[in-house]
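Quick notes on the structure that follows.
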2 protein chains.
Amino acid sequence: MAASVRLPAEEMPLGVEIDCGAHELTEAEIIEFGSLWDPQYFHIDPDAAAHSTFGGVIASGVHTTAIFQRLATLAVYNRYDVIAGREIRSLRFLTPVRAGDVLTGSVVLRSIAPARRGRCLVTIAGTLTNQEGVLVLTLEVDSLVRSRLPSGE
Amino acid sequence: MAASVRLPAEEMPLGVEIDCGAHELTEAEIIEFGSLWDPQYFHIDPDAAAHSTFGGVIASGVHTTAIFQRLATLAVYNRYDVIAGREIRSLRFLTPVRAGDVLTGSVVLRSIAPARRGRCLVTIAGTLTNQEGVLVLTLEVDSLVRSRLPSGE
């Protein structure tokens, strides 16, 4: 989307839950992501993982976080004039994520606060839920988004 | 490393800073990771990013987190009998990460607490620092690691 049509922070819908769509995981994707970024045996070695607590490979928490980020970016962030993320607070991995799981993302905009230099600090709460309706990930993210409101300090 | 030689939580070195080695970023890696997991223009489009706040593409925060996880896994986690990550608290993105940056990881084990069923809850503080000595990422992670200590509950 061209920069000229990205909306300012004050156009973001406060308090409304936004469905961000779904992502289906394959074992190949779990192993590929894990091999690159989190090469612990229970993410990359199906034989060893079969004898682990989870009985098979599970997705890296960083991978699950990346899936949330992809869904939230395509459904929400790319509509707005985001500058950058600042902090993820309380990123929780609640349930193991396995091959075949279908994860659905949702986002709620919790607060918008004017910051310096024409920006707002925007706080978003996000979740991923699996195909059984079980929460697998929750997080809260603070980002800077460009704004037309008067600057706060 | 075979499961039989993974060390229990109580063997982890409390309070000692562990150097986890370095990772050099290329623009190609930033764009590839961003295209898959965080397709915002300032991660994937060098022309559009040239006109952004940062003057060029910057790495996704999830990518930077993945780099930390890779370094910490290879240097530390794979030596111990980790079960799973539970929560990342206060994951902060302090400085933009650009192509050509060399990020060095470090880990300090903050606490070990016996939990249920032969496990310990282990809290680790981690950082990534760039080639100029500037902190780019800090985080705290709680993980479950197998233990031979008496159970905590």
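The values are calculated or read from the model by the stated rules, or taken from the named source; none is laboratory data. Model, not experiment: these values are computed from the prediction. Note: ideal-geometry Cβ built from the backbone for every residue, glycine included; neighbour counts use all protein chains shown.
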In region A:71-98, the residues that are facing chain B (nearest Cβ under 10 Å) and in contact with a helix residue (DSSP H, G or I) (Cβ under 6 Å, 6 or more places away or on another chain): A:Gly85, A:Phe93
Residue in region A:33-46 that is within 22 Å of B:Arg6 (Cβ to Cβ) and acidic (Asp, Glu) present: yes
Residue match in region B:135-147 (condition: within 14 Å of another protein chain (Cβ to nearest Cβ), more than 29 Å from A:Ile83 (Cα to Cα), buried (at least 23 other Cβ atoms within 10 Å of the Cβ) and in contact (Cβ under 8 Å) with a residue 24 or more places away in the chain): yes
Matching residues, region B:24-43, being crowded, with 19+ Cβ neighbours inside 10 Å and more than 10 Å from chain A (Cβ to nearest Cβ): B:Leu25, B:Ile30, B:Ile31
Answer from B:Ile31, B:Ile88, B:Ile83 - the residue that is of a type in the set (A, V, I, L, M, F, W, C) and more than 28 Å from B:Val108 (Cα to Cα): B:Ile31
Inter-residue pairs, beta-carbon under 7 Å, first closer than 19 Å to A:Leu36 by Cα and at pLDDT below 95 and in region A:47-59, second surrounded by fewer than 20 Cβ atoms within 10 Å (Cβ to Cβ) and small (Gly, Ala, Ser), 6+ apart: A:Ala48/B:Ala3; A:Ala49/A:Gly56; A:Gly56/A:Ala50
Extreme residue, surrounded by the fewest Cβ atoms within 10 Å (Cβ to Cβ), among residues of region A:49-70 that are within 10 Å of chain B (Cβ to nearest Cβ) and over 21 Å from the mean Cα position of the chain (by Cα): A:His51
Single unsatisfied condition, B:Trp37 versus (1) without any contact (Cβ under 8 Å) to a residue 24 or more places away in the chain; (2) in contact with a helix residue (DSSP H, G or I) (Cβ under 9 Å, 6 or more places away or on another chain): (1)
Criterion violated by A:Pro13 - all others in (1) surrounded by 15 or more Cβ atoms within 10 Å (Cβ to Cβ); (2) farther than 28 Å from B:Phe68 by Cβ satisfied: (1)
Sole exception among (1) out of contact with any helix residue (DSSP H, G or I) (no Cβ under 9 Å at 6 or more places or on another chain); (2) more than 24 Å from A:Val141 (Cα to Cα); (3) surrounded by 14 or more Cβ atoms within 10 Å (Cβ to Cβ) for A:Pro46, by number: (1)
Where B:Asp101 falls short, out of the listed (1) acidic (Asp, Glu); (2) under 21 Å from A:Glu87 (Cα atoms); (3) within 13 Å of chain A (Cβ to nearest Cβ): (3)
